[in-house]
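I have a structure I would like to understand better, so I am pasting it below and will then ask my questions one at a time.
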Amino acid sequence: MELTGVSLLIVSAIVTAFGLVVGSFLNVVIYRLPREGLDVTKPSRSFCPFCHNQIAWYDNIPVLSWVFLRGHCRSCRAPISIRYPLVEILSALLSFFIFQAEGLTFRYIFYFYFTLCLTAIAFIDLEFMVIPDILVRPTYLVGLISAIAYPDKSPTNKALWIYLSELGWNPRLISLAGAALAFLVAFLSLWLLSMIYKLLKGHRGLGEGDPPLMGLIALFLGLSSILPVLLLSSLLGLLSVVILVFSGRFPKSGLGLRPIPFGPFLSLAALIWLFWGQRFLDWYLPTNFYG
Ligand SMILES: [Zn+2]
């Protein structure tokens, strides 16, 4: 169904509002998932982490409530992190732009889910230096289903595609194999990298959750995304260290410097590559590159 004019406008508004509401729930996931003893679904109502008062529905409206309360709890006046409206706005933007690219399809759901997971992983890793398995593992399944459902949009390597179709493979199977291969290459390269680093330096340079996260990213974005995402995330990480050092805010722990999590930068680089990767390649490579 092709949407045009007013109906497109209305659906876009609904999709964006849906993104805001989902973002509000994502905030709950980001807060509760890494904290022991807290369940994502119970209690169903949100509460203030300082005074434990339940938050009324009118103080729980995405973005607006935070603005009206000027970032403070109504009962105890404790500050509410700017992360809350940020996550809601980000989620609304993701929902809108993925809808623009995919329309109202299952692919919209698959990729919106994928980007929400990246967002949650980024904020949880930033605060707790951990990437919860529960965010990564089910999303592998979503990526594999997406690869089977949409072989025509598969980012599978062209040469591999031609080779396997000449062997008589079904397009859905090729798309699935492409996603699985991308996962394996991404996972193994980051895992090897962390092993080599550990051998040379005697301590871990990467978090345990980073290879599975890179695998997940490649599963959705394809083999060709691995190098650009790794380069971009390293650049972003380096840039943030420089900024932190020069602003005198580099986090310290005990004697040494506190390690910086890599997950947020991998996630951010993956989002950038998802939305602008193809445009970058079109600009960077000659038009007849794909022959
Ligand atoms: Zn409070």
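Counting just the residues of region 16-47 that are within 30 Å of Gly103 (Cα to Cα) and in contact with a Phe, Trp or Tyr (Cβ under 7 Å, 6 or more places away or on another chain), which one comes out farthest from the ligand (Cβ to nearest atom)?
Thr16
Check region 266-277 and report whether any residue there is on the phi > 0 side of the Ramachandran plot and at pLDDT below 95.
no
Does at least one position in region 152-163 carry a residue that is more than 27 Å from Arg35 (Cα to Cα), of a type in the set (D, E, K, R) and modelled with pLDDT of 95 or more? Step through it out loud before you land on a result.
Initial filter on region 152-163 (more than 27 Å from Arg35 (Cα to Cα)): 152-163.
Applying the additional criterion that residues be of a type in the set (D, E, K, R) yields 152-153, 158.
With modelled with pLDDT of 95 or more added as a condition, the list becomes none.
No, every residue in region 152-163 fails to be more than 27 Å from Arg35 (Cα to Cα), of a type in the set (D, E, K, R) and modelled with pLDDT of 95 or more.
To keep it simple, each residue is scored yes or no on (1) of a type in the set (Val, Ile, Thr); (2) surrounded by 12 or more Cβ atoms within 10 Å (Cβ to Cβ).
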| position | (1), (2) |
| --- | --- |
| Phe18 | no, yes |
| Phe25 | no, yes |
| Arg32 | no, yes |
| Arg45 | no, no |
| Val87 | yes, yes |
| Gly103 | no, yes |
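If Arg83 passes every condition in (1) assigned by TED's automatic domain parsing to the domain that holds Ser65; (2) over 17 Å from Gly263 (Cβ atoms) but one, which one does it miss?
Of (1) assigned by TED's automatic domain parsing to the domain that holds Ser65; (2) over 17 Å from Gly263 (Cβ atoms), only one is false for Arg83: (2).
Which members of region 48-60 meet the condition of being more than 8 Å from the ligand (Cβ to nearest atom) and exposed (fewer than 12 other Cβ atoms within 10 Å of the Cβ)? Break it down stepwise before answering.
Start the filter on region 48-60 by keeping residues that are more than 8 Å from the ligand (Cβ to nearest atom), which leaves 54-60.
Matches in region 48-60: Trp57, Tyr58.
Continuing with the same structure: Name the residues in region 65-85 that are loosely packed, with under 14 Cβ neighbours inside 10 Å and more than 16 Å from the ligand (Cβ to nearest atom), would you?
Val67, Ile82 - these are the residues of region 65-85 that are loosely packed, with under 14 Cβ neighbours inside 10 Å and more than 16 Å from the ligand (Cβ to nearest atom).
Please state which one of Pro138, Pro151, Pro132, Pro171 is over 16 Å from Leu271 (Cα atoms), in contact with a Cys (Cβ under 9 Å, 6 or more places away or on another chain) and of a type outside the set (Phe, Trp, Tyr).
Pro138
For (1) polar (S, T, N, Q); (2) surrounded by fewer than 23 Cβ atoms within 10 Å (Cβ to Cβ); (3) not assigned by TED's automatic domain parsing to the domain that holds Val29, each residue gets a yes or a no:
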site	(1), (2), (3)
Asn157	yes, yes, yes
Ser165	yes, yes, yes
Ala179	no, no, yes
Leu192	no, yes, yes
Met195	no, yes, yes
Gly202	no, yes, yes
Ala218	no, no, yes
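Against the definition (in contact with a Lys or Arg (Cβ under 7 Å, 6 or more places away or on another chain), at pLDDT below 95 and away from the ligand (no atom under 13 Å from the Cβ)), how does Leu104 come out, yes or no?
Values: in contact with a Lys or Arg (Cβ under 7 Å, 6 or more places away or on another chain): no; at pLDDT below 95: yes; away from the ligand (no atom under 13 Å from the Cβ): yes.
Spelling it out, it is not the case that Leu104 is in contact with a Lys or Arg (Cβ under 7 Å, 6 or more places away or on another chain), at pLDDT below 95 and away from the ligand (no atom under 13 Å from the Cβ).
The values are calculated or read from the model by the stated rules, or taken from the named source; none is laboratory data. Because the structure is predicted, anything quoted here is derived from the model rather than measured. FYI the Cβ positions are ideal-geometry reconstructions off the backbone, even for glycines, and counts take in every protein chain you see.
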